[in-house]
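The values are calculated or read from the model by the stated rules, or taken from the named source; none is laboratory data. Every value quoted in this text rests on a predicted model; they were computed, and no experiment measured them. Methodologically, a virtual Cβ is constructed for each residue, glycine included, from the backbone with ideal geometry; neighbour enumeration extends over all protein chains shown. Surface accessibility is based on the protein's heavy atoms, side chains included, excluding ligands, DNA and RNA. Shrake-Rupley method; radii C 1.70, N 1.55, O 1.52, S 1.80 Å.
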Number of protein chains: 2
Amino acid sequence: MIAKSMVEYVKGSSVIRAMFEEGKRLADIYGAENVYDYSLGNPSVEPPAQVREAMVDIIRNEDQNLVHGYMNNAGYEDVRETIAESLNKKFGTKFTLKNILMTVGAAGGLNVILKTLIDAGDEVVTFSPFFGEYRNYVANFSGRLVIVPPTDDFIPDPELFEKALTPKTKAVIINNPNNPTGVVYSEDTIKRLVDVLEKKQKEYGTSIYLIADEPYRELVYDGVSVPYLTKYYDNTIVGYSYSKSLSLPGERIGYLVMPNELDDFENIIQAAGIANRILGFVNAPSLIQRTVAKCVDAEVDVEAYNYNRELLYNSLTDMGFECIKPQGAFYLFVKAPGGDDKAFCDKAKEFNLLLVPGTTFNGPGYVRIAYCVSPDMIKRSLPAFEKLASFYS
Amino acid sequence: MIAKSMVEYVKGSSVIRAMFEEGKRLADIYGAENVYDYSLGNPSVEPPAQVREAMVDIIRNEDQNLVHGYMNNAGYEDVRETIAESLNKKFGTKFTLKNILMTVGAAGGLNVILKTLIDAGDEVVTFSPFFGEYRNYVANFSGRLVIVPPTDDFIPDPELFEKALTPKTKAVIINNPNNPTGVVYSEDTIKRLVDVLEKKQKEYGTSIYLIADEPYRELVYDGVSVPYLTKYYDNTIVGYSYSKSLSLPGERIGYLVMPNELDDFENIIQAAGIANRILGFVNAPSLIQRTVAKCVDAEVDVEAYNYNRELLYNSLTDMGFECIKPQGAFYLFVKAPGGDDKAFCDKAKEFNLLLVPGTTFNGPGYVRIAYCVSPDMIKRSLPAFEKLASFYS
C-alpha cells in the first residue's frame, strides 16, 4: 500500500546505508575494533572548538525566541549578510544577503534549486561517477538525469560534455572536489567546460544553470585551490554545506548562493524561498544558522584527513591496488581487482572491510573508500587489506 | 526561466509570509510598538529553561562527533526509544523505537509520509478550513487534495466526510487542535469519523491512512483532552512537532509515529526512512534531536497563551466581533464583518493590525488572528480593534 513510486526504492535501498547497518552488525559479532568501516562519509575530525563555544554563547546570551523562532524562509538576515561578506573577502565577489539562502544542508539546497528550475522532462547533466543521490533529487521533480561518461583520470572531457547538452538541458551539476573520486577540477578544466556552456546557451537560446555542489570545498591537499565558479560563468548557483568543513553533517546546515547575474534572478530567489517552504524544509535549523555565522573563518583539522590520505593511499598502492591520488574530499576511488566492484566488496567484507561498490556512483569497476576514520582504524585494517590483496594476486 | 510549476507560486506567494514582511515595513515607519502583528504562528512564550540546560549539557558533555554527526536516517535510536516510552506512558500505547521516525518538523514529516504513500492522482482528504500548506504538500507528489466542506462550528461532519471518500482516497489529514479555528475535536467526533473510515475501507477494499497532524496537541485550555488517534484506528500515522510545545519552530524538529498495526507496516517504515533521505532532509537536525529527548516532559507556559486567549476573545466579542471560543492552538478565527475577509484585512491594516484572510485556509469570510504575541501588544492593540469595529458598525 506504499506508493508505487517507492517500491523500487525499498527494494534497492541505499547500498551505503545498508553497509552502515552491516557495520554495526559485524561490530556486535567481532567487536567494533575488528571491523573496518570505510563506507560512510561521516567526518571523523571533531568540529572546531569555536563551534561549541559559539553555540553555548548563543544559547546563554541571545534572546531565546529569536534563536529558536521562525525567521524569513531564506534565513536570518544577519547570518546571510555575514556569509555574503565572508565569501566576498575570500573570493572577491560582491554578494549581499539577497544572494544567500540558508538551507537544510546541501541536500536541502539541491532540492530547493531543482524545484525552482526543473519541470517534468527537463534535463539535468552531471559527470560520471557522481554522488548517487543526484539521481533521486532530479527524479523528485520528474527531471531526466543525463550522464557524461567518465575519463581515465576522472577530469570532465569538454567534448563528451558538449554531446550531453541539448535544448532541454536546464541545469548541470558539478561536484568539486568530487565525491567519489576525490579529484579536484582545475581552473583550466572549468574554463573549458564554461566555454561549452556559453556556446550551447547561445546556440540553443536557452539558459543553462550550472549548479556547483561544494560540500568538500575546504577539504583539499597539496596546496591546490578550487575555482569559485560564479566568477567564470554568470548562470552559476553554488550549493554549500558545513557538514564537512565544520564536521556538522547531522545538523543539516548549508546555503545556496544565487548571484545577481543569473538569468531571471528576481524570480529565482523568490521561487527558491518558496520552494524551501513548500518542500517542507521551511527554513534551515535556526540555532545552527546563528552558529555558523559566528564560525565563518573556522575550519576542521584538514591535516588529519591528509594524514589518513597519505597513509591509506601509500599503503594500498604499495600492496598493488590502483588508484588516482585524490587532492580533495576524503575518499579513495580504487580499481576493483577483477573488475567486478560488487564481488570485490563482498570479498572485502569477509575480512571485515566495508567498502562501497562504485556502481552506487555510476562507476562500476571501482570501490569507494571513505578515509574519514581514525588513523588507528586505518593501521589496524592494513593486515586485512594485505589479505585481500593476496587473494587477488 | 524558473520552472513553469513555480510561476503561479511566485505570483501568489504566501499571504502569511508577505504579511510578516509587511509588518516589518510598517514597524520601520510607525515604530514596532505601534504595529500589531497577529499574522504568524511564531510562539511568543520562551522555550522551557530545561531546553537551554539540556542543550548546553549535551554540547559540553557528549561526544561532539556523535552530537553533530550522521545517524540512521530515522534518527538516533536512543532518542526514538525515549520518545516511544514517553508516548506509551502518556497514552497507554506500545510503541518502540521502530515506530518513531525523527523529522525536520511536522512539515518535513508530512512530506515524508505523503511521499511514502501517494502516487500521482491519489486523493488526500482534509477538512475545511485547513492549514494552506497541505495543498502544496499534496501537490509535491501530484496527489489531489479533496476538501470536506466546513460546518458552522468547524466540527467535521461525518456525512460530508463520507461523501469525500472514494476508491482513490489514500490518506486523510486531520489537524487537532485545529489551525486556523482553534477548535478541538472530541473523542465522540473522532469515533464518528473513524466509523466512516472503517466502513469505506471495507466497502472499497482499500487502505485509507489517517494522518494526524498534531503540532498543537499540548496547547489546550479549559481542561479539554485531545484523543490519541492510534488508539481508535489502526491505519493512523501521527505527525508531531516540538515547534509549539517547546517553542522551537525555527529548529525544525518533530517525528512521525507509524504503529505496527498499519497495513503494509514494514514497507511503510522502510519507505519513510528512504523518503526522509531522498527528499533531501537526510535526518532531523542532530543536536535538537538529542535535546528534545531530554525534555520529553517539559512544556511551555500554556497558561500564558490562555491569558491571551481570554483577553483577546473577551475584548473582541465585547466589541461585537463574532468568533467561536477556541479550546486549542493559539488562533482566533473571527467572522469578517461584511463577509469579505480580504477587504477586512486591508481595512485592519489601516489601523496597523495585521490579520490573515481566511481564504488562505480555504475559509473565506473569516480572518485568523494569531494570539501568540505579548499580552502587552494585545492591550496596546485594543483601541485599534475598537476603531476597526466602529468602522463596521
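Restricting A:G75, A:G41, A:G105 to those that are open to solvent by less than 20 Å² (accessible area, probe 1.4 Å), modelled with pLDDT of 95 or more and within 20 Å of the chain's Cα centre (by Cα) reduces the list to A:G105. All of B:A304, B:A271 fail the test of being assigned to a helix (DSSP H, G or I) and open to solvent by less than 20 Å² (accessible area, probe 1.4 Å), apart from B:A271.
Selection over region B:255-264 of residues that are open to solvent by less than 20 Å² (accessible area, probe 1.4 Å) and more than 20 Å from A:G280 (Cα to Cα) gives a count of 2.
Under the condition of being touching a residue at least 12 places away in the same chain (Cβ under 8 Å) and either open to solvent by 40 Å² or more (accessible area, probe 1.4 Å) or more than 14 Å from A:G250 (Cβ to Cβ) (or both), the residues counted in region B:48-63 number 7.
Taken together, B:L87, B:L66, B:L110 contain a single residue that is surrounded by fewer than 18 Cβ atoms within 10 Å (Cβ to Cβ), among the aliphatic types (A, V, I, L, M) and within 25 Å of A:H68 (Cβ to Cβ), which is B:L66.
Inside region B:224-249, can you point out the residues that are hydroxyl-bearing (S, T, Y), more than 18 Å from B:D297 (Cα to Cα) and open to solvent by 10 Å² or more (accessible area, probe 1.4 Å)?
If the condition is that a residue be hydroxyl-bearing (S, T, Y), more than 18 Å from B:D297 (Cα to Cα) and open to solvent by 10 Å² or more (accessible area, probe 1.4 Å), then B:T230, B:Y232 are the ones that fit.
Selection within region B:137-169: residues that are open to solvent by less than 30 Å² (accessible area, probe 1.4 Å) and farther than 18 Å from B:L210 by Cβ. The member of this set that is farthest from the other protein chains (Cβ to nearest Cβ) is B:F154.
Condition test on B:L246, is it more than 28 Å from A:S13 (Cα to Cα), within 11 Å of chain A (Cβ to nearest Cβ) and touching a Cys at 6+ places or on another chain (Cβ under 8 Å)? In short, yes. Considering the conditions (1) in a loop (DSSP other than H, G, I, E, B); (2) over 23 Å from A:G69 (Cβ atoms), B:P47 is excluded by exactly one of them, (2). Taking the criterion of being in a loop (DSSP other than H, G, I, E, B) and surrounded by 19 or more Cβ atoms within 10 Å (Cβ to Cβ), the residues of region B:207-223 that qualify are B:I208, B:E214, B:P215, B:Y216, B:R217, B:L219, B:Y221. Please verify whether region B:20-38 includes one or more residues that are at the interface with another protein chain (Cβ under 9 Å from one of its Cβ atoms) and under 22 Å from B:T359 (Cβ atoms). Yes; the residues of region B:20-38 include at least one that is at the interface with another protein chain (Cβ under 9 Å from one of its Cβ atoms) and under 22 Å from B:T359 (Cβ atoms). Scoring B:M1 on the criteria (1) in contact with a Phe, Trp or Tyr (Cβ under 9 Å, 6 or more places away or on another chain); (2) buried (at least 19 other Cβ atoms within 10 Å of the Cβ); (3) not in a helix (DSSP H, G or I) leaves a single failure, condition (2). Of the residues A:R290, A:R277, A:R252, the single one that is under 27 Å from B:N72 (Cα atoms) and surrounded by fewer than 24 Cβ atoms within 10 Å (Cβ to Cβ) is A:R277. Exactly one residue out of A:T317, A:T360 is assigned to a helix (DSSP H, G or I) and touching a Gly at 6+ places or on another chain (Cβ under 7 Å), and it is A:T360.
In a residue-by-residue description of region A:70-79, the property of being touching a residue at least 24 places away in the same chain (Cβ under 8 Å), charged (D, E, K, R), more than 10 Å from every other protein chain (Cβ to nearest Cβ) and in a helix (DSSP H, G or I) applies to at least one position.
One residue alone among A:V334, A:V367, A:V296 is part of a loop (DSSP other than H, G, I, E, B) and either modelled with pLDDT of 95 or more or surrounded by fewer than 19 Cβ atoms within 10 Å (Cβ to Cβ) (or both), and that residue is A:V296. Determine which member of the set B:I268, B:I278, B:I288, B:I274 is touching a Leu at 6+ places or on another chain (Cβ under 6 Å) and facing another protein chain (nearest Cβ under 8 Å). Within the list B:I268, B:I278, B:I288, B:I274, the selection yields B:I268.
Taken together, the criteria exclude B:L97 from residues that are closer than 23 Å to B:M6 by Cβ, over 16 Å from the mean Cα position of the chain (by Cα) and either open to solvent by less than 20 Å² (accessible area, probe 1.4 Å) or at pLDDT 95 or above (or both). Select, from B:T317, B:T360, the only residue that is open to solvent by less than 60 Å² (accessible area, probe 1.4 Å), among the β-branched types (V, I, T) and touching a residue at least 40 places away in the same chain (Cβ under 8 Å). Of B:T317, B:T360, the one residue that is open to solvent by less than 60 Å² (accessible area, probe 1.4 Å), among the β-branched types (V, I, T) and touching a residue at least 40 places away in the same chain (Cβ under 8 Å) is B:T360. Here region A:107-136 is the region considered, the condition is being of a type in the set (A, V, I, L, M) and more than 7 Å from chain B (Cβ to nearest Cβ), and the residue that is farthest from A:I268 (Cα to Cα) is A:V125.
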